[in-house]
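The structure under discussion appears below in the form of structure tokens.
What follows is calculated from the coordinates using simple rules that are stated; it is not laboratory data. Predicted model only: the values in this text are computed from it and were never measured. All Cβ positions, even for glycine, are placed from backbone atoms using ideal geometry, and neighbour counts span all protein chains on display.
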Amino acid sequence: MWWRGQHLNDVRKGRDGRAWHFRVWHDFVDGVYIQRVFFWDADKSETGAIEFASDKALHVSRLRQSIGKVVREPRYRSLHRRPLRFPVEREYREYAPFEQL
């Protein structure tokens, strides 16, 4: 399910002026809690997703920190870069391992 509220979906601007968009998905899959942070820039030329599962799942404040890191650190972004299909909310509403997407 998509995380609504708590400002996780807010557009954030980097120091270079680029706008970054985020959507956070979370749910239990086979008894394991999974969170995914999807991100893309305004022209969708740079996209990606970060997954936190089980004991790696984050409190909302740590999710915000991770989102901030995507905006600030190109190296961190590149670790999680992957092509995304849009609209994200429709294409990724059900869980599937990234290898199958």
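General observations
- Net charge of Cβ neighbours under 14 Å - reference ARG15; Lys, Arg +1; Asp, Glu -1: +3
- Charged-residue dipole, Cβ positions (Lys, Arg, Asp, Glu), the chain about Cα centre, Debye nearest 20: 480
- For the chain, the longest principal axis of the alpha carbon atoms and the long axis of helix 60-72 meet at an angle near 40°.
- Among GLU46, GLU73, GLU89, residue whose mean-square fluctuation peaks in a GNM of the chain (springs only between Cα atoms under 10 Å): GLU73
- Calculated log₁₀ intensity ratio I(q)/I(0) where the Debye formula runs over C-alpha points of the chain, q = 0.13, 0.15 Å⁻¹: -0.42, -0.57
- Once the Cα-Cα distance is subtracted from the 0.36 nm per residue extended length, the ARG62 to LEU79 segment shows a gain of 4.3 nm.
- Extension gain for the segment VAL29 to ARG72, taken as residue separation times 0.36 nm less the Cα-Cα distance, is 12.4 nm to one decimal.
- Candidate lysines - alpha carbon under 24 Å from LYS44, same-chain residues fewer than 8 apart omitted: LYS13, LYS69
- For ASP27, the residues 5 or more places off, or on other chains, whose built amide H falls under 5 Å of its own are ILE34.
- Residue-wise HN-Hα couplings along the stretch 36-45, as the Karplus relation 6.51 cos²θ - 1.76 cosθ + 1.60 with θ = phi - 60° gives them from phi, are 10, 10, 8, 9, 7, 8, 4, 9, 6, 7 Hz; Gly and Pro carry x.
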